[in-house]
Every structure is written in C-alpha cells, then in structure tokens.
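The structure appears below as structure tokens.
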Amino acid sequence: MSNAVKVFFSYAHKDEVLRDKLATHLSMMKRQGVIEAWHDREISPGSEWANAIDENLEVADIILLLVSADFLASDYCYDIEMTQAMERHETRKARVIPIILKSADWNGAPFGKLQALPKNAKPITTWQDQDEAFLNVAQGIRRVVEDIAESKTSSSTASGTTMPATSNPPTTSGGLTERQRRRLEQERDSLQQQYDLASTKLGRLRQAYAIETDVSTKWKLEVQIQEAQTEQNRLDQQLEEIEQKLL
C-alpha cells in the first residue's frame, strides 16, 4: 500500500486553468512519489461523480481549497466539499489548506481561521510573477506533506508490520453511511432551491406570455418557456433520483 500523501483539489471549474498550473508546480513531488493528487477531472466515464468525489475526499490527507469568488458561489464546493473538508480537519483526519487564487470576500468563511497560501494570503492572480506565487504555494504544501509523511512513518514504526484494524463507517437504512446521507440531503436541498427558482421563473414567463400582444415577443417568450420547462424537468428528475437513494 502506497505511503504517498493523498492530496485533494476542491475548486470551481471556472478556475481549472489555475488548478492545472498549481498541479504543474506540484509535479516534482508526484515524480518523487511523495504525493498522489486527485481532482474531479480524473473521474472515469460512467462513474457516479458524486460518489467518486466523496470517496476521494474521505481518504485525502491534504485538502486544497482553491479560493475564488466562483468557489464561494458554488453550492457544491462550499456547502458540500468545503463542509466535509472542515469536518475532517477538525477531527485531525486531514489538513485543509486554503489557496487564495483570486481576490474574493472570504472573511468569515469557516476556513478563514486557517493559515492560507501563498504568503500573506495574497491572491495568486495579483502577483506580478505568478510562477513565484505558485512556487510559494508548492513550498508551503511540501512542508505539510513532509510533516504528514513523518507522522505516517512514525505510526507505521510504532505498530510494526501489523496493519491497524479499520471499522466500516456506520450505515443507515438503504446502505448509506451517515456522511453519504448527509451529503445527499445537502445536494437535495440545493437542488430544491434551484427547482423553486426555476418554477418561479416559469410562472412569470407564462404570465408575461398570457398578456403579451406582440407576435415577435410572444414567440421569444415561448422559446424561453420551453427552456425553463426543460430545466425544471431536469431538476425534478435529479431530485427524484436523490430521493430514491435516500429511501
């Protein structure tokens, strides 16, 4: 079994270019076999992406929160990934490191109490030389990796060659763990909010269509109504799938 420190990237997809840049700066540690890095673009076709994210987040030693306005605005990043990351940090099962990519109002966020990178929490995109900023981040991550690797070595030495017994997480009805059920409930609540907004939008479009007299405008409204109905149906289907999993 590999002793490499497992690193998880939590990020908004709009920041994918910056995530790739950071991964490039961590490549030496990957070549040395010191770390194993994972992000959601590594999910294979046909896999259940939510389960894949949950499983990799659950075993991560280091969780990198790539902070930007888009990250903070993402319900999945903030309400699910970040919440689970902070739970694991608080129980000392993982180390959470905020990486400030772009200027954003993250004061008061649960991770705001943690030491962020790069130095002085200066957003990477505001540095004159971004490679210098990424180097500073990589060096900070390496220090944490070395601490964790040393801790793993010490634990392995103390326990000899005997692997510690592991217990399966408690399950609830339906075969879900408490964490999986909580994640699904959070995802359901987020989808329900989106569904309610879509329903409100659809109602307003239908009202506008009913009173509109201009043929051209009515045609545009009809197209918008069809799009809104499709979106509502999509959200309804996703909600039903989650409810089935929660049964």
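The values are calculated or read from the model by the stated rules, or taken from the named source; none is laboratory data. It should be emphasised that the depicted structure is a prediction, and the values quoted were computed from it without experimental measurement. Heads up, the Cβs are rebuilt from the backbone with ideal geometry, glycines too, and the neighbour counts pull from every protein chain shown. Ligands, DNA and RNA are stripped out before the accessible areas are found, and what is left, the full protein with its side chains, is counted by its heavy atoms. Shrake-Rupley method; radii C 1.70, N 1.55, O 1.52, S 1.80 Å.
Remarks
- Selection from region 113-139 of residues that are closer than 16 Å to residue 65 by Cβ, open to solvent by 40 Å² or more (accessible area, probe 1.4 Å) and in contact with a Pro (Cβ under 9 Å, 6 or more places away or on another chain): 115
- Leading residue by the ranking (surrounded by the fewest Cβ atoms within 10 Å (Cβ to Cβ)) among those in region 195-209 that are under 36 Å from the mean Cα position of the chain (by Cα) and aliphatic (A, V, I, L, M): 197
- Condition check for residue 27: at pLDDT below 90, polar (S, T, N, Q), out of contact with any helix residue (DSSP H, G or I) (no Cβ under 7 Å at 6 or more places or on another chain) and more than 19 Å from residue 150 (Cβ to Cβ): no
Okay, residues lined up against (1) open to solvent by less than 60 Å² (accessible area, probe 1.4 Å); (2) touching a helix residue (DSSP H, G or I) at 6+ places or on another chain (Cβ under 7 Å); (3) under 24 Å from residue 49 (Cβ atoms):
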| site | (1), (2), (3) |
| --- | --- |
| 211 | no, no, no |
| 222 | no, yes, no |
| 227 | no, no, no |
| 234 | no, no, yes |
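- Within region 28-61, the set of residues being farther than 28 Å from residue 181 by Cβ and open to solvent by 50 Å² or more (accessible area, probe 1.4 Å) comprises 28, 30, 31, 32.
- In region 140-188, the residues that are open to solvent by 80 Å² or more (accessible area, probe 1.4 Å), modelled with pLDDT of 75 or more and touching a helix residue (DSSP H, G or I) at 6+ places or on another chain (Cβ under 9 Å): 182
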